[in-house]
Amino acid sequence: MINTLEKIHYMSDADITAPIGFHADGQHVGLKHKSKDLGWIFSEVPAAVAGVFTTNQVQAAPVQLNKQTIKNGQLQAIIVNSGNANAVTGKIGLTHAKIMQATAAEQLNIPPHLVGIASTGIIGQILPINKVVNGIQQLHVDGDAHGFAHAIMTTDTSEKAITIQSEIDGDLITMSGVAKGSGMIHPNMATMLGFITTDANISSTMLQQALSEDIDTSFNQITIDGDTSTNDMVLVLANGLASNTQIKAASAAYNQFKTMLHTVTTALAIAIANDGEGATKLITVTVSHANNALDARLIAKKVVGSSLVKTAMFGKDPNWGRIIAAIGAADVQIDPDIIDITINHFFVMKNGAPVTFDTAAMANSLSQKKIDIEINLHQGAASGQAWGSDLTYDYVKINALYTT
């Protein structure tokens with residue numbers, strides 16, 4: 001049994017198929033004008049599955065179907081399309097989701113209940129199911145793994161992927177993740193689309209517990225624009241082919257697995273925040289010395305989600321008044337007279353009072369790609385973080401013209 005957490009190694013080539021027994025492909029099948037728009041992940045054996053989904057009351061057909069499918073605790077494949085969300089499309093939407101599932105199952109020669117599905121894109125348009133069916137027949141088991149990461153993208157400007165390795169009880173475990181998300185990001189239980197594969201041997205029950213415990217400090221702590229999508233989901237597959245002793249609850253092995261999972265989910269969450277639609281800056285808000293971790297996370301997300309804070313950072317304006325106002329608007333008890341605030345390590349507020357700072361140096365600092373806002377509540381010992389992007393002219397342009 002491992003008594004201390006093992007070192008995590010980051011692989012230079014992030015590949016969703018890096019864990020033993022996983023395969024993937026991504027192709028252009030005509031759902032979008034030119035880019036790849038359909039892909040799948042396939043495991044050589046049925047894998048334990050865990051999932052979290054949007055809490056928006058309007059849920060896309062793939063979300064509805066997946067929530068039922070993963071109840072059996074296993075998946076062997078996930079088929080994903082971009083360019084069309086298959087959301088708010090009535091009964092035909094669910095029919096198309098089931099056709100998508102069944103076609104992938106037939107192509108892979110596995111039962112439909114082992115196939116998860118996901119869609120992302122424009123809401124309220126009927127999925128061109130014939131293109132999807134024909135496209136599934138063009139996918140290969142050993143295809144373009146990086147093509148999968150591109151096939152799930154919509155307004156994303158870059159692939160979001162990570163692969164790590166670590167030892168658990170002396171066995172080498174590999175974990176990979178890919179995600180998409182750039183706009184309509186204000187998750188509650190998940191964010192846009194995220195898919196994680198691992199060859200670790202862990203039950204679906206423990207896998208779900210690990211994901212549920214992790215999500216509030218990773219994916220749920222990012223916000224781009226305050227909108228929660230109809231299609232958000234994160235799915236994790238663990239096929240056990242690393243042949244480690246099955247990971248049990250309350251063990252050092254479980255803690256190491258959770259550390260690996262958190263490393264992957266946090267990296268993907270930050271990558272999404274960094275690629276916000278039209279964004280020029282990644283904003284990280286760290287809240288320290290809160291009464292509890294939940295309070296810290298709530299305040300951090302309130303600040304990073306403030307449109308006024310976002311626009312100030314875009315305009316290189318150290319308007320700390322907007323930050324303290326956002327702190328006060330969070331549903332958390334605070335004492336404004338003892339709070340410290342720094343922006344990129346420049347004190348702008350100390351003990352609840354303004355601090356004089358070098359405006360030229362601050363302006364130069366706010367020209368950087370990364371903005372760090374630190375808030376010390378001076379109340380307790382807990383801390384929390386949240387991530388987001390600035391709000392720019394291009395964000396308005398992208399979303400004003402999204403369907404036209």
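Rounded, prolate or oblate: pick one for region 45-105, where a ≥ b ≥ c are the square roots of the eigenvalues of its C-alpha gyration tensor, a/c under 1.5 means rounded, and failing that, prolate if a/b is larger than b/c, else oblate. Verdict is oblate for region 45-105.
Restricting the calculation to Cα atoms, region 74-167 shows an Rg/Rh of 0.99 when the hydrodynamic-style radius is the Kirkwood one.
Excluding ligands, DNA and RNA, the accessible surface per residue across the chain is 40 Å² with a 1.4 Å probe.
Classify region 8-75: rounded, prolate or oblate, from the alpha-carbon gyration tensor (a ≥ b ≥ c, eigenvalue square roots; a/c under 1.5 rounded; otherwise prolate if a/b is larger than b/c)? Oblate shape, in that a/c is at least 1.5 and b/c is the bigger or equal ratio. Evaluating 6.51 cos²θ - 1.76 cosθ + 1.60 at θ = phi - 60° for every residue in region 151-158, the Karplus couplings come out as 5, 8, 7, 10, 8, 4, 9, 8 Hz, glycine and proline recorded as x. Candidates Thr174, Thr197, Thr245 compared by Cα position along the dipole of the chain: farthest toward the positive end lies Thr197, with charges placed on Cβ.
When the Gaussian network model of the chain links Cα atoms closer than 10 Å, the mean-square fluctuations of Ile136, Ile215, Ile110 top out at Ile110. Close amide H contacts of Gly83 (hydrogens built in the peptide plane, cut-off under 5 Å, sequence separation of 5 or more or a different chain): Thr120, Gly121, Ile122.
The accessible surface of region 17-85, taken with every protein chain in place and a 1.4 Å probe, is 49 percent carbon and sulfur.
Only beta bridges with both residues in region 284-404 are counted; by DSSP, about 75 percent of them are antiparallel. In region 336-381, Rg over Rh equals 1.03, where Rg is the alpha-carbon radius of gyration and Rh the Kirkwood radius from pairwise Cα distances.
Remark: region 290-377 carries a charge dipole of roughly 420 debye about the Cα centre, counting +1 on each Lys and Arg Cβ and -1 on each Asp and Glu Cβ. The heavy atoms of Glu213 offer some 90 square angstrom of accessible surface to a 1.4 angstrom probe. Computed from point charges on the beta carbon alone (+1 for Lys and Arg, -1 for Asp and Glu), the dipole magnitude for the chain about its Cα centre is near 860 Debye. Within the chain, the longest segment free of exposed loop sites, counting trypsin sites (Lys or Arg not before Pro) that fall outside DSSP classes H, G, I, E and B and have at most 13 other Cβ atoms within 10 Å, spans 35-247. With the convex hull of the Cα atoms taken as the outline of the chain, the averaged projected area works out to 19.4 nm². Beta bridges from DSSP with both residues in the chain: antiparallel share about 70 percent, rounded to the nearest 5. Please report the spacing between the Cα centers of region 236-262 and region 345-367 in Å, no decimals. After rounding, the separation between the Cα centres reads 44 Å. By the rule of a C-alpha distance below 27 Å, with chain neighbours fewer than 8 residues away ignored, the lysines paired with Lys350 are Lys281, Lys301, Lys302, Lys310, Lys316, Lys369, Lys370. Here region 1-146 has an Rg and Dmax of 16.2, 54 Å, counting Cα atoms alone.
Show that you can apply the helix-only estimate: for the chain, add -39,500 (n - 2.57) for every DSSP H stretch of four or more residues, divide by all residues, and state [θ] at 222 nm to the nearest 500. Walk me through the numbers before you get to the answer.
Details: 11 runs with 123 residues, N = 404.
The per-residue figure over the chain is -9500 deg cm²/dmol.
In sequence order, region 202-218 has phi-based couplings of 8, 6, 5, 5, 6, 5, 5, 4, 5, 5, 5, 5, 7, 4, 6, 10, 10 Hz under the Karplus curve 6.51 cos²θ - 1.76 cosθ + 1.60, θ = phi - 60°, and Gly or Pro positions carry x.
The magnitude of the dipole of region 1-86, with charges of +1 and -1 set on the Cβ of Lys/Arg and Asp/Glu and taken from the Cα centre, is near 340 debye.
The values are calculated or read from the model by the stated rules, or taken from the named source; none is laboratory data. Nothing here was measured: the structure is a model prediction, and the numbers come from that model. No Cβ is skipped: glycine too gets one built from the backbone with ideal geometry, and neighbour counts run over all protein chains shown. All accessible areas refer to the heavy atoms of the entire protein, side chains included, with ligands and DNA or RNA removed. Shrake-Rupley method; radii C 1.70, N 1.55, O 1.52, S 1.80 Å.
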